[in-house]
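A quick write-up on the structure given underneath.
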Amino acid sequence: RQYDEDIVRARAAVGERAPELVKLRQFFDHPLFVEAAAESVRAAYGELPEGVRSGARLVFTAHSVPVVADEASGAAAEGGRRYSEQVRVASGLVARAVGVSEFDVVWQSRSGPASVPWLEPDIVDHLESVKGLGASGVVVCPIGFVSDHLEVIWDLDTEARERAGELGLGFARAVSVGADARFAELVVELVREQIEGVSVRGLSGLPVVGCSVNGRACVPGCDSTGHVPATQASN
């Protein structure tokens, strides 16, 4: 929603000469995204000593948001919570590709007053639960991020790693997928969906959503096909 509002604001500032802006759809279940993330998770497992690897717990993280924001995400008729649902579905797809049946979905990078409920548990707090399960280590995949930016490096490589060490847990973090060639291929494919009408690919069966034209929320036809209708795009 924020991106769409920014698009509307930017076009208004430019005026009549503003270019048309088409926002690409969400890609949480795209096979290329899942493949790249799964390979990164496998590589992270390989960083652990053999004696730790077999008993390591797989944990996925994404940026926490206020609970009310998650409840408001997606269509109200569908019950909202589209954000957390997509994170959980993406995590499940990657875990299955890796061959892991049990995993956790947790959150990181919350901010704001403590009185406002955010999605929980936090990754650092959750490590105690991992230890309580008898795990020998943890493999953390930042499924909700596409680059190893400050939040990933601080929350995971610094705070979570330090806490894991205090608990006696082996720790490995999967690299985010943004530098993987398949991610670039994915972006090209999403563009081709719009300009060439290539088939939309997804592994979950959930609605294809997220595209918009000039900041207008997902236009008619987007939910079912992922394509912006040509008549809408030309207006």
For the residue pair Arg96 and Ser129, what label-to-label distance in nm results when each label sits 7 Å from Cα along the Cα-to-beta-carbon direction?
2.2 nm
Do you know the relative contact order of the chain, to the nearest whole percent, from alpha carbon pairs under 8 angstrom that are 6+ apart?
31 percent
Given R₀ = 22 Å, what would the calculated FRET efficiency be for Val8 paired with Ser111, taking r from the Cβ atoms and rounding to 0.05?
0.30
Compactness index (Cα Rg / 2.2 N^0.38 Å), segment 1-125:
1.35
So if R0 is 30 Å, what FRET efficiency would Glu120 and Glu185 give, r being the distance between their Cβ atoms, rounded to the nearest 0.05?
0.30
Can you give the accessible area of Ser199 in Å² (nearest 10), computed on protein heavy atoms with a 1.4 Å probe?
90 Å²
Could you tell me what fraction of 2.2 N^0.38 Å the Cα radius of gyration of segment 67-160 comes to, as a two-decimal ratio?
1.17
What length, rounded to one decimal in nm, is gained on full extension from Ala69 through to Ala18, with 0.36 nm per residue of separation minus their alpha-carbon distance?
15.3 nm
Rounded to 5, percent antiparallel among DSSP beta bridges of the chain
20 percent
Given the DSSP H assignment, sum -39500 (n - 2.57) over each helix run of at least 4 residues in the chain and divide by its residue total; what's the result at 222 nm in deg cm²/dmol, nearest 500?
-12000 deg cm²/dmol
What translational diffusion coefficient, in µm²/s and rounded to a whole number, does the Stokes-Einstein relation yield for the chain at 4 °C and a viscosity of 1.567 mPa s, taking the hydrodynamic radius as the Kirkwood radius over Cα pairs?
68 µm²/s
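The values are calculated or read from the model by the stated rules, or taken from the named source; none is laboratory data. Only a predicted model underlies this, so the values are computations on that prediction, with no experimental measurement involved. Please note: Cβ atoms are built from the backbone with ideal geometry, for glycine as well, and neighbour counts cover all protein chains shown. What goes into the accessible areas is simple: the full protein's heavy atoms, side chains included, and nothing from ligands, DNA or RNA. Shrake-Rupley method; radii C 1.70, N 1.55, O 1.52, S 1.80 Å.
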